[in-house]
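K.L.:
Let me give you the structure first, and then I'll get to my questions.
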Amino acid sequence: LEMPKRRDILAIVLIVLPWTLLITVWHQSAIAPLLAIRKACHHLVKEIFIIPERLAVRRHRLSDDGAEGRHEAGQGADSKEYCSSDKDIVEVVRTEYVYTRPPPWSDVLPTIHVVTPTYSRPVQKAELTRLANTFLHVPNLHWILVEDSQRRTPLVSRLLRETGLNYTHLNVETPRNYKLRGDARDPRIPRGTMQRNLALRWLRETFSPNGTQPGIVYFADDDNTYSLELFEEMRSTRKVSVWPVAFVGGLRYESPKVNAAGKVYGWKTVFDPHRPFAIDMAGFAINLRLILFKPQAYFKLRGVKGGYQESSLLRELVTLNDLEPKAANCTKILVWHTRTEKPVLVNEGKKGFTDPNVEI
Amino acid sequence: MRLRFKLKTVFILYFTVSLFGLIYALMQLGQRCDCAERDFAKDHAISRLRGKRHSLLEQTKKLEPTKNPKPPLPTIYVITPTYTRLVQKAELTRLSHTFLLVPQLHWIVVEDSPHKTSLVSDFLSHSGLAFTHLHVATPRERKLQEGDPNWLKPRGVEQRNEGLRWLRETNRNRAEDAVVYFADDDNTYSLQLFEEMRWTQRVSVWPVGLVGGMRYERPVVEQGRVVRFHTGWRPSRPFPLDMAGFAVSLRLVLVNPEARFDGDAPMGFLESSFLQSLVTMEELEPKADMCTKVLVWHTRTEKPKMKREEAMLKQGLGSDPAIEV
């Protein structure tokens, strides 16, 4: 009985051992990575939520269903959502507010190139300051500020440097005759045109059409008001995206007309709705690729009727059918065409009452 | 004999099955590359997240000393009166973007309204800021009528006083180190301004741009003290300052429970009516590099032209009022 027992044991060991080895190897190679990744993802998501809590910052989720940021409840559920696909992981990182400026640069998000023409006047520093305070919340934002001046002013240079934003500082002076008067011989160049065109040229010189850096181009005037949600809406632009703008055209807002299929078929404006693109400069964004593939497309300088400036560029880039409506199919207002009053400096008098060396 | 035979067959069967199993498993391992691609994407995401986490942790370490020094960072209570008009949401939006960048800021929004409006309530709850939402309606006789010039009646008086009342009520039993600042919703504020005012002991002052018909108004400082005010309009006022040009320590507000803005004061004396009972000119603390830098601007926003909207309304074709502007 002794011998068979040992042989039996040997037999059992011989049977079980390879299977154990096989199962261990299998487990390590195939299943474990997936599980480990999920676990790591959940863990990291929790950490990223916990850190802002320590900084006493509210988590703000930019979702259309109006859900507010919640820390305590549903953290587990949130991380499951976020860990199920790559897109959602990115979502986690970019909607956190941290007291550092600007948000860290992400390798995943397309860069938003914001083109702002500006010119010297008393409210310039104030306008640029509050614009910068908005931009400091937007990840992967590249500010292209183009001054209407002979050379770059120290006021703007210093301001840009102090904000900490990623920027490019350009300048081109609009010729004097075109700036002020408008008569038949010297038709007026709409303000900001040469500056925007310079920015387009700079983009074409800096980025190659074959490059892999995704980007969106947006024209933002320095006196408008922009919500943070707007920048996230435009980030997914494939060709040209559009949305409503408040306080333009003498209306509460102007908006593209969107049909049930989600396509733009017209323009809800009173002022000349039959323009090819009856939209304000702040109402659209263009994918950088489109700008680079059509290097001849610029804003028309002369002979442009009032309100046709935007069309002069867009008609060379895209047709009505290609437009992508954003802002919940163009039903939400995310940008306002505010205008700042010109300050009345009556008390300065002829010689100036205040010290001109103090910068305002 | 039978047993051995069975065992042999069993062994042979076993080895054959194992062999096929091993071959199958090896083939499976070979095919793993497909899943690995997805795994690499996940790995990239994980490593990115790790990078972000690392940078966030570093930021936490950097900020913790400034956020909780000995003593902790004083809170800045910003009182903003607001009223319903077309540009209200836009003004509050861009104001909130500035405030979000200021640590330890508590926004007290006081609506000129008999009840809280949903526009402001929704806006504040989504803003990400620490806030208090109050409301008090200006009595009819003190309200500006359509067509009245801006300077005819003082604005925001009841609302600012309501903000002060709330502060006094919530701080009855505490002596918090904090500062109170009156910020109108159409001005422009730089981030540096808030750091200048944070350590106010009594009342601190600084220049304000684009006000009083001048490029800027400012207190004049000699040897670290305010000696007079540089302003183009009625410089003989006790405190010829703009509302945006001073901040008061919460302690001073609590110690003087009767100090408030007087709506009946003559034009331009609103700020003086409040500050007179709190401080003298000699006690003022000059900020912004001895009052030589402009860190706040008294900007005003144009009223948007609604001619076409009004025409459309007459035809019954006005824009959708359900869409909030």
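K.L.:
Roughly what % of Cα-Cα distances in chain B sit above 29 Å, to the whole percent?
P.N.:
The answer is 53 percent, as a whole percent.
K.L.:
So, one more: Using the structure shown, list the pairs from A:Lys268/A:Lys332; A:Lys350/B:Lys293; A:Lys342/B:Lys287; A:Lys125/A:Lys342 with a Cα-Cα distance above 19 Å, or answer none. Kindly include the intermediate steps, with their values, before the conclusion.
P.N.:
On the way: A:Lys268/A:Lys332 14 Å; A:Lys350/B:Lys293 23 Å; A:Lys342/B:Lys287 27 Å; A:Lys125/A:Lys342 13 Å.
Distance filter (> 19 Å) returns A:Lys350/B:Lys293; A:Lys342/B:Lys287.
K.L.:
Hey, what angle do you get for helix B:157-170 against the long axis of chain B, alpha-carbon based, 0 to 90 degrees rounded to 10?
P.N.:
Taking the Cα atoms of chain B, the angle to B:157-170 is about 60 degrees.
K.L.:
So, one more: Only Cα pairs under 8 Å and at least 6 apart count here; give the relative contact order of the stretch B:208-249 as a rounded whole percent.
P.N.:
32
K.L.:
Hey, what angle do you get for helix B:88-99 against the long axis of chain B, alpha-carbon based, 0 to 90 degrees rounded to 10?
P.N.:
Helix B:88-99 and the main axis of chain B meet at about 70 degrees.
K.L.:
Cα atoms only: what Rg and Dmax, in Å, come out for the stretch A:205-292?
P.N.:
For the stretch A:205-292, the Cα-based Rg and Dmax read 14.3, 42 Å.
K.L.:
Under 10 Å, Cα contacts only: if you run a Gaussian network model on chain B, which one of B:Phe239, B:Phe20, B:Phe99 comes out with the highest mean-square fluctuation?
P.N.:
B:Phe20
K.L.:
Further, regarding this structure: Please report the Cα spread of the stretch B:242-325 along all three principal axes, rounded to whole Å, starting with the longest.
P.N.:
In descending order, the Cα extents are 62, 32, 26 Å.
K.L.:
Hey, what's the per residue convex hull volume over the C-alpha atoms of the stretch A:273-360, in cubic angstrom? List each step's numbers first, then the result.
P.N.:
Values: hull volume 19.2 nm³, N = 88.
Value for the stretch A:273-360: 218 Å³ per residue.
K.L.:
Which of the residue pairs A:Lys263/B:Lys305; A:Lys263/B:Lys116; A:Lys351/B:Lys89; A:Lys257/A:Lys305; A:Lys305/A:Lys351; A:Lys239/B:Lys314 have a Cα-Cα distance greater than 32 Å in the structure shown?
P.N.:
Details: A:Lys263/B:Lys305 30 Å; A:Lys263/B:Lys116 38 Å; A:Lys351/B:Lys89 39 Å; A:Lys257/A:Lys305 23 Å; A:Lys305/A:Lys351 40 Å; A:Lys239/B:Lys314 38 Å.
The pairs that break the limit, which is 32 Å between Cα atoms, are A:Lys263/B:Lys116; A:Lys351/B:Lys89; A:Lys305/A:Lys351; A:Lys239/B:Lys314.
K.L.:
Hey, another quick one. Can you give the FRET efficiency to the nearest 0.05 for B:Lys303 and A:Asn210, using r as the Cβ-Cβ distance and R₀ = 51 Å?
P.N.:
0.55
K.L.:
Please find, in a Gaussian network model of chain B (springs between Cα atoms separated by less than 10 Å), the residue of B:Leu95, B:Leu22, B:Leu313 whose mean-square fluctuation is greatest.
P.N.:
Looking only at B:Leu95, B:Leu22, B:Leu313, the largest GNM fluctuation is found for B:Leu22.
K.L.:
I would also like to ask the following. Consider all pairwise Cα distances in the stretch B:176-325 and report the whole-number % of them above 19 Å.
P.N.:
Everything past 19 Å amounts to 58 percent.
K.L.:
Now for a separate question. For chain B, what is the relative contact order in percent, using Cα pairs closer than 8 Å and at least 6 residues apart in sequence?
P.N.:
Details: 458 pairs, mean separation 55.4, N = 325.
Answer for chain B is 17 percent.
K.L.:
Pick from B:Leu105, B:Leu19, B:Leu129: which residue has the top mean-square fluctuation in a GNM of chain B where Cα pairs under 10 Å get a spring?
P.N.:
B:Leu19
K.L.:
Something else: Quickly estimate the mean residue ellipticity at 222 nm for chain B, helices only: each DSSP H run with n ≥ 4 gives -39500 (n - 2.57), and the total goes over all residues, rounded to 500. Show your work: numbers first, answer last.
P.N.:
Values: 10 runs with 132 residues, N = 325.
The helix-only estimate for chain B comes to -13000 deg cm²/dmol at 222 nm.
K.L.:
Set the Förster distance to 22 Å, then compute FRET efficiency between B:Met27 and A:Thr20 from the Cβ-Cβ distance, nearest 0.05.
P.N.:
Once the sixth-power term is evaluated, E becomes 0.60.
K.L.:
Still on this structure: Along Cα→Cβ, 7 Å out, is where each label goes; now give me the distance between the ones at B:Thr292 and B:Leu7 in nm to one decimal.
P.N.:
Between B:Thr292 and B:Leu7, the label points sit 10.3 nm apart.
Here, each number is a calculation from the coordinates, and none is a lab measurement. If you're wondering where the values come from, they're calculated on a predicted model, not measured in any experiment. No Cβ is skipped: glycine too gets one built from the backbone with ideal geometry, and neighbour counts run over all protein chains shown.
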